[in-house]
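*Asks:* Would you mind keeping the following structure in view while I ask a few things?
The values are calculated or read from the model by the stated rules, or taken from the named source; none is laboratory data. Source: prediction; values computed, not measured. Every residue, glycine among them, receives a Cβ derived from its backbone with ideal geometry; neighbour counts consider all protein chains shown. Surface accessibility is based on the protein's heavy atoms, side chains included, excluding ligands, DNA and RNA. Shrake-Rupley method; radii C 1.70, N 1.55, O 1.52, S 1.80 Å.
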Amino acid sequence: MLIDKKIFYKNLIRLALPIALQSLMLAAVAAGDALMLGKVAQDEMTAVSLATQIQFVQNMFLGAITAAGAILGAQYWGKGDRRTLEDIFNIMLRFCMAVSVLFFLACEWMPEQLMHIFAKDDSLIAIGSSYLRVAGWSYLLTGISQCYLTMMKVSEHVRPGALISSCAVLLNIGLNAVFIFGLFGAPRMQARGAALATTISRVVELVLCVAISSGKSYIRPAFDRLIRPQGQTNRQLKADFRKQCLPLLGGSLCWGVGFTSYTAIMGHMGTDAAAANSVAAVARDLICCMCNGIGSAAGIMVGNELGAGRLDRGKAYGIKLRNLSFAIGFLSTALVLAATPLMVKMVILTDQAREYLTGMMVIMSVYMIGRCVNTVTINGVLDGGGDTLFDMYSLIVCMWLIAIPLAMAGAFLLHWSPLVVYACTCLDEVGKIPWVMLRFGKYKWVQDLTRKF
């Protein structure tokens with residue numbers, strides 16, 4: 001089916017740019033933490049980078065829940081069913097609030113035990129634990145905000161959502177400087193200052209979400225049905241939600257715990273390798289913003305068309321987006337290589353850590369091709385049509401059966417160089433591209449997930 005390229009690219013840019021900006025703003029917080037704490041001491045920067053892996057794992061749960069809401073929400077928005085969108089909002093809120101409370105309690109009651117997962121150095125554990133005790137309060141609010149932002153994204157309010165995230169991030173970065181360095185008479189809190197800045201910005205973000213969503217055209221939770229959901233409609237919708245959410249959660253946990261395992265492996269190879277990996281992770285997250293934005297836009301665009309019953313157009317959009325993902329991947333490779341000299345000079349590192357960082361950036365440049373193709377194709381197109389099981393399968397095989405065992409063997413048994421171990425952690429994304437293309441070509445994702453309630 002031929003598509004109107006002008007309309008296609010107009011919708012893609014309208015959706016992808018605000019989402020990419022939102023992703024960039026979130027990555028900028030990690031970059032700000034790393035750069036500012038890197039000016040204080042290498043251990044402060046490394047400890048906070050390791051400690052934030054806890055939030056990374058939490059985001060895997062929240063991401064699966066909100067992604068399921070986005071998949072169903074995009075299709076029901078394409079169908080024009082606002083009441084069902086309110087019920088989807090309620091379901092997301094219940095699950096996200098439960099996850100947020102659990103992570104908050106873990107950070108307050110057992111931060112040292114959590115830090116032991118990622119580091120063996122007593123200094124890093126002490127600094128990271130002090131960070132988690134303060135940052136844990138922000139984890140309590142994150143889930144609620146993400147539900148609001150997800151519903152804005154699927155209901156054609158992408159720009160306000162991006163504006164909210166951008167304001168919260170800019171506030172976070174500004175408060176980072178104040179509390180880390182003790183500006184304007186504030187106490188010089190270093191790592192704990194970064195945590196306090198994050199918590200304050202999350203409070204502001206949630207307030208803005210609730211205030212802006214009070215507008216007439218916005219989808220809001222139906223509080224009368226939030227506490228005591230009833231009826232056959234709600235039971236069927238919850239079943240549909242679980243059908244999408246459980247594979248997404250499995251995939252998110254496979255990817256999230258696997259990625260955290262990569263960090264833990266590098267963290268146990270010495271402070272120089274851990275520091276270089278921390279800076280490389282910041283660079284990776286910043287450059288991935290473009291493919292994250294297009295991946296999210298792909299899911300919404302494909303989902304809207306499929307939910308509206310326009311299956312042929314949804315399929316054509318998916319093919320166009322799949323092809324576009326390769327171009328984004330090669331562009332991201334060039335950006336990584338261009339950014340390498342700047343990243344190496346921006347933070348205080350030992351000579352050995354600086355050497356590791358340079359090598360990691362070169363390896364990452366190849367990894368970015370797979371990351372971009374898989375983000376747009378799997379997390380965008382396939383998920384937009386409800387084909388959520390494949391991501392989990394591919395992660396189990398490529399990450400858990402190949403990349404992680406190789407990295408662990410290289411680090412703890414064969415005593416390979418940190419750069420070789422880092423290369424092992426990048427195998428999964430590049431290696432599964434042929435499998436992804438084969439799955440895409442079966443077109444199981446071309447389906448309408450909506451029901452008549």
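*Asks:* If you scan region 412-421, which residues turn out to be open to solvent by 60 Å² or more (accessible area, probe 1.4 Å) and touching a helix residue (DSSP H, G or I) at 6+ places or on another chain (Cβ under 7 Å)?
*Replies:* W416, V420
One line per residue, one yes/no per condition, for (1) open to solvent by 10 Å² or more (accessible area, probe 1.4 Å); (2) at pLDDT below 90; (3) touching a Cys at 6+ places or on another chain (Cβ under 9 Å); (4) more than 30 Å from A273 (Cα to Cα):
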| position | (1), (2), (3), (4) |
| --- | --- |
| G410 | no, no, yes, no |
| A423 | yes, no, no, no |
| L438 | yes, no, no, yes |
| K442 | yes, no, no, yes |
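*Asks:* Where residues in region 88-128 are among the charged types (D, E, K, R) and closer than 26 Å to Y262 by Cβ, which of them is surrounded by the most Cβ atoms within 10 Å (Cβ to Cβ)?
*Replies:* D121
*Asks:* If you don't mind, another one. Can you tell me which residues in region 286-318 are surrounded by fewer than 24 Cβ atoms within 10 Å (Cβ to Cβ) and of a type outside the set (A, V, I, L, M, F, W, C)?
*Replies:* G309, R310, D312, R313, K315
*Asks:* In region 203-237, what residues are in a helix (DSSP H, G or I), at pLDDT 90 or above and under 18 Å from C96 (Cβ atoms)?
*Replies:* V203, E205, L206, V207, L208, C209, V210
*Asks:* Considering only region 143-189, state which residues are among the polar types (S, T, N, Q) and either surrounded by fewer than 16 Cβ atoms within 10 Å (Cβ to Cβ) or over 12 Å from E205 (Cβ atoms) (or both).
*Replies:* Hits for region 143-189 are T150, S155, N176.
*Asks:* For the structure I just gave you, tell me whether L26 is farther than 17 Å from I348 by Cα, open to solvent by 30 Å² or more (accessible area, probe 1.4 Å) and at pLDDT below 75.
*Replies:* Yes; evaluated as a whole, the condition is true for this residue.
*Asks:* Quick one: in region 320-336, of everything that is open to solvent by 50 Å² or more (accessible area, probe 1.4 Å) and among the hydrophobic types (A, V, I, L, M, F, W, C), which residue is nearest to T450 (Cα to Cα)?
*Replies:* The extreme case among them is F326.
*Asks:* Which helices (runs of 4 or more DSSP H) sit wholly inside region 47-164 and have at least 2 residues that are in contact with a Lys or Arg (Cβ under 7 Å, 6 or more places away or on another chain) and polar (S, T, N, Q)?
*Replies:* 122-154
*Asks:* While we're on this one: Return yes when R202 is touching a residue at least 12 places away in the same chain (Cβ under 8 Å), within 30 Å of L449 (Cα to Cα) and of a type in the set (D, E, K, R) and no when it is not.
*Replies:* Taking the combined requirement at face value, the residue does not satisfy it.
*Asks:* Another question, if that's okay. Go through (1) assigned to a helix (DSSP H, G or I); (2) closer than 27 Å to A316 by Cα; (3) under 20 Å from the mean Cα position of the chain (by Cα) and name the single condition M364 misses.
*Replies:* For M364, the exception is condition (2).
*Asks:* If I filter region 384-403 for residues that are open to solvent by 10 Å² or more (accessible area, probe 1.4 Å) and free of Cβ contacts under 8 Å to residues at least 24 places away in the same chain, do I get at least one hit?
*Replies:* Yes: one or more hits.
*Asks:* I need a count of the residues in region 257-311 that are among the charged types (D, E, K, R) and part of a loop (DSSP other than H, G, I, E, B).
*Replies:* Adding up the residues that qualify gives 1.
Conditions (1) out of contact with any Gly (no Cβ under 9 Å at 6 or more places or on another chain); (2) of a type in the set (D, E, K, R), marked per residue:
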site: G69; (1), (2): yes, no
site: L72; (1), (2): no, no
site: W77; (1), (2): no, no
site: E86; (1), (2): yes, yes
site: L93; (1), (2): no, no
site: A106; (1), (2): no, no
site: E112; (1), (2): no, yes
